[in-house]
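Comments concern the structure below.
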């Protein structure tokens, strides 16, 4: 009996060890990595939207955002499709943000010629980052570059917020407090476990060398004497 009890006790250990030593084999069924390329027709892809009730929503066109850039850049590239900076009035903006009718507090140290003469309309976006609130999956916040001039690569960071799973984005605008820098870049956000949202911002200064958009980073050329270079 003693021998049998020891044998019975050793069986589970042996089984567990055996399974642990057997390498996992890739499955032969369908799934990611097992579907040969080129097997889905364009029409099938288009119909999958309707089949799964997928719709596209353009978040950043639902509001008009404006802010006063630190460095103005009025394009010379209209022939290439650029629009440059477009002046924005208080009546044009629909976000409710401070559009910079007067210079922002962190633009107080700007040297002659800066900041821009007034608010400019945000006319382009790039590098979007989307985060879902872990306490409420219908609460989503996105951030992206908020361009006043795509040709001059002149932008701050902006955000857009949805409370209905992405159907509408009623709260959006530029992220305040960093307007005294020429650019804010590389949008990355995160929620903590309590539903608080954090945005990582990389601000830096530059000046334009000429009308083509070439940039100067020398400290003596920076537009805001009271702000760090980055």
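Nothing in this text is a laboratory measurement; each read-out follows from the coordinates by a stated rule. If you're wondering where the values come from, they're calculated on a predicted model, not measured in any experiment. In this analysis, Cβ positions are derived from the backbone assuming ideal geometry, glycine residues included, and neighbour counts consider all displayed protein chains.
Things to note:
- Consider segment 131-163 and keep the residues that are free of Cβ contacts under 8 Å to residues at least 40 places away in the same chain and either in contact with a strand residue (DSSP E or B) (Cβ under 6 Å, 6 or more places away or on another chain) or in a loop (DSSP other than H, G, I, E, B) (or both). The one that is surrounded by the most Cβ atoms within 10 Å (Cβ to Cβ) is 155.
- Here the strands (runs of 3 or more DSSP E) wholly within segment 169-230 that include at least 3 residues being under 20 Å from residue 72 (Cβ atoms) are 183-191.
- Output for segment 164-189, where each listed residue is under 14 Å from the mean Cα position of the chain (by Cα) and in contact (Cβ under 8 Å) with a residue 60 or more places away in the chain: 172, 173, 174, 187, 189
- Residue 192 vs. criteria surrounded by fewer than 17 Cβ atoms within 10 Å (Cβ to Cβ), without any contact (Cβ under 8 Å) to a residue 60 or more places away in the chain and at positive phi: no
- Residues satisfying the stated conditions in segment 38-88, i.e. in contact with a strand residue (DSSP E or B) (Cβ under 8 Å, 6 or more places away or on another chain), within 24 Å of residue 128 (Cα to Cα) and not in a loop (DSSP other than H, G, I, E, B): 66, 67
- Test result for residue 107, touching a strand residue (DSSP E or B) at 6+ places or on another chain (Cβ under 6 Å) and buried (at least 22 other Cβ atoms within 10 Å of the Cβ): no
- Residues in segment 47-94 that are over 27 Å from residue 208 (Cβ atoms) and surrounded by 10 or more Cβ atoms within 10 Å (Cβ to Cβ): 47, 48, 49, 57, 59, 62, 63, 94.
- Search result, residues across segment 100-121 that are part of a loop (DSSP other than H, G, I, E, B) and either farther than 22 Å from residue 226 by Cβ or in contact with a helix residue (DSSP H, G or I) (Cβ under 7 Å, 6 or more places away or on another chain) (or both): 115
- Top-ranked residue in segment 204-214 [being under 20 Å from residue 68 (Cβ atoms) and in contact (Cβ under 8 Å) with a residue 40 or more places away in the chain; ranked as nearest to the chain's Cα centre (by Cα)]: 205
- Any hit, segment 211-219, residues being in contact with a strand residue (DSSP E or B) (Cβ under 6 Å, 6 or more places away or on another chain), closer than 19 Å to residue 59 by Cα and surrounded by fewer than 22 Cβ atoms within 10 Å (Cβ to Cβ): no
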